[in-house]
Every structure is written in C-alpha cells, then in structure tokens.
Amino acid sequence: MSESIKNKIRFYLDQNVIDYLIKGNLDAVQQLINQTPNSEILYSYVTLREFAHIKDITQRKIYLDYLKRVNAKYLRIDKDELAYFEAVDPFEKFYEYINDSRIAKEIEDPMLDMVHKLFGGKKDVSFEGIAISQKNSFSHLMEHLDSSINTLDQHPAIDKELLKKYSQSMNSYFAELIDRTVQQLKDKNYNNENPLNDLRR
C-alpha cells in the first residue's frame with residue numbers, strides 16, 4: 001500500500017448523512033469534506049443494504065448518483081479483516097448486492113414465516129405450504145452454489161465434483177428435516193393446541 005493511500009483522510013457516510021448532504025442540510029460537513037486535502041468518501045455493503053430498503057427507485061438513483069459524482073470508494077473487508085478501498089461504479093455494486101441478497105432473502109422469508117406460524121400467525125397458510133417454500137428456497141440456494149462452483153479456478157485443493165455431491169446431499173438432508181418437523185407438528189396437533197396459548201393465558 002502506497003504512502004498516498006495510507007495517509008488519506010476518509011469520510012464514511014451512511015444513508016442519513018448522504019440524504020442530508022444531498023438536501024443541503026449539512027453544509028458545514030460538505031465544506032469540511034471539500035476543504036480536506038487528500039480525502040475520499042467511502043460507502044460499504046451496509047450503505048447498499050440501506051439503499052435497497054428505499055422503495056422509490058428515483059430517490060435511490062439520487063443517492064447512487066451522489067456516490068458516483070464524488071468518486072466514492074467501496075469499503076470491503078476480507079476474511080483476514082484487511083480493508084480495501086475499491087474504485088467501482090456504485091450502480092454496479094448495488095445491482096451486485098441486489099443479486100446476492102435475493103438468494104438470502106428467498107431463504108430468510110420462509111424461515112420467518114415458519115416462526116410466525118409457530119407463534120400463532122399466518123393462519124391462512126399451512127405448515128405444509130411453508131415447508132414447500134422452505135425446500136424450494138434451499139434448493140435454489142444449492143443451485144446457486146453449484147453455479148458458483150463452476151466458476152472456481154482449477155486448484156489441487158478444490159474438488160468440484162465432491163463439492164457438488166455435498167450440495168446435493170445437503171439439499172436432500174434439508175428436505176427430509178423439514179418433512180420430519182412438519183410431521184411432528186401435525187402429530188402434536190399444533191394448529192389447534194399451540195402450547196403458546198397456555199403462556200398467553
């Protein structure tokens with residue numbers, strides 16, 4: 001790492017600060033950034049996650065345009081906790097985040113539905129229906145994993161076929177686990193005799 005990179009002064013901005021800067025409500029901060037030599041603005045995975053919660057696409061574009069206009073760097077921390085400051089297009093990083101998070105959300109939603117159902121909610125959905133969603137989402141995750149394995153470089157320590165067999169066995173094991181769980185809930189007549197009812201009373 002060069003001295004010029006090491007000695008930079010960095011401003012990490014979250015969505016709220018960016019919002020204030022865009023609207024001109026933090027002129028003193030903007031002036032500080034403008035007048036600080038050898039400085040740069042940073043954003044991260046968390047910033048992109050905040051942007052993803054914005055329903056108004058036009059508003060979201062304004063935030064991304066701001067990061068692009070000020071040449072903001074993407075802060076990435078690797079598995080060894082080393083920081084990297086990447087000069088990449090914020091729009092490109094955002095769509096990359098959306099694509100990655102779609103898989104995670106597809107897994108997360110059915111899991112939350114099951115918890116909600118266990119606590120007495122989701123009365124219009126059966127345990128079997130939620131179980132199907134859980135198995136489908138996990139299957140899609142394993143398919144995504146298989147596709148990722150295909151992109152790995154050849155290496156003596158990487159056995160692609162073994163990894164694929166492992167993902168397939170994980171998919172089968174997960175489906176069996178879900179089926180057993182649903183059967184146990186049916187055996188206990190959970191829909192009509194939810195044990196949480198006693199706790200609520």
| field | Criterion (at pLDDT below 85, in contact with a Phe, Trp or Tyr (Cβ under 7 Å, 6 or more places away or on another chain) and assigned by TED's automatic domain parsing to the domain that holds Gly120) met by exactly one of Leu152, Leu163, Leu185 | value | Leu185
| field | Residue list for the range 150-175, filter: of a type in the set (Asp, Glu) and surrounded by fewer than 11 Cβ atoms within 10 Å (Cβ to Cβ) | value | Asp153, Glu161
| remark: Per the list (1) surrounded by 14 or more Cβ atoms within 10 Å (Cβ to Cβ); (2) farther than 30 Å from Glu161 by Cβ; (3) without any contact (Cβ under 8 Å) to a residue 24 or more places away in the chain; (4) within 16 Å of the chain's Cα centre (by Cα), residue check on Lys117 breaks on (4)
| task | Collect the residues in the range 9-36 that are of a type in the set (A, V, I, L, M) and in contact with a Leu (Cβ under 8 Å, 6 or more places away or on another chain), keeping them in residue-number order. | result | Leu13, Val17, Ile18, Leu21, Val29
| remark: Those residues of the range 42-53 that are modelled with pLDDT of 85 or more and more than 18 Å from Leu82 (Cα to Cα) come to a total of 6
| query | Residues Asn38, Asn25: which one is polar (S, T, N, Q), surrounded by fewer than 13 Cβ atoms within 10 Å (Cβ to Cβ), modelled with pLDDT under 90 and in contact with a Lys or Arg (Cβ under 9 Å, 6 or more places away or on another chain)? | reply | Asn38
| How many of the residues in the range 41-67 are loosely packed, with under 12 Cβ neighbours inside 10 Å and either touching a helix residue (DSSP H, G or I) at 6+ places or on another chain (Cβ under 8 Å) or of a type in the set (Ser, Thr, Tyr) (or both)? | 1
| field | Residues of the range 98-129 satisfying the condition of being of a type in the set (S, T, N, Q) and in a helix (DSSP H, G or I) | value | Asn99, Ser101
| said: I'm told Ser101 meets every condition in (1) surrounded by 13 or more Cβ atoms within 10 Å (Cβ to Cβ); (2) within 20 Å of Ile22 (Cα to Cα) except one. Can you identify the failing condition by its number? | reply: (2)
| remark: Of Tyr66, Tyr74, the only residue that is of a type in the set (Phe, Trp, Tyr) and touching a Phe, Trp or Tyr at 6+ places or on another chain (Cβ under 7 Å) is Tyr74
| Given the conditions (1) modelled with pLDDT of 85 or more; (2) among the basic types (Lys, Arg); (3) more than 30 Å from Asn99 (Cβ to Cβ), and given that Arg200 satisfies all but one, which numbered condition is not satisfied? | (1)
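The values are calculated or read from the model by the stated rules, or taken from the named source; none is laboratory data. What you see is a predicted model, and the numbers here were worked out from it, not measured in a lab. Note that we place each Cβ from the backbone using ideal geometry, even for glycine, and neighbour counts take in every protein chain shown.
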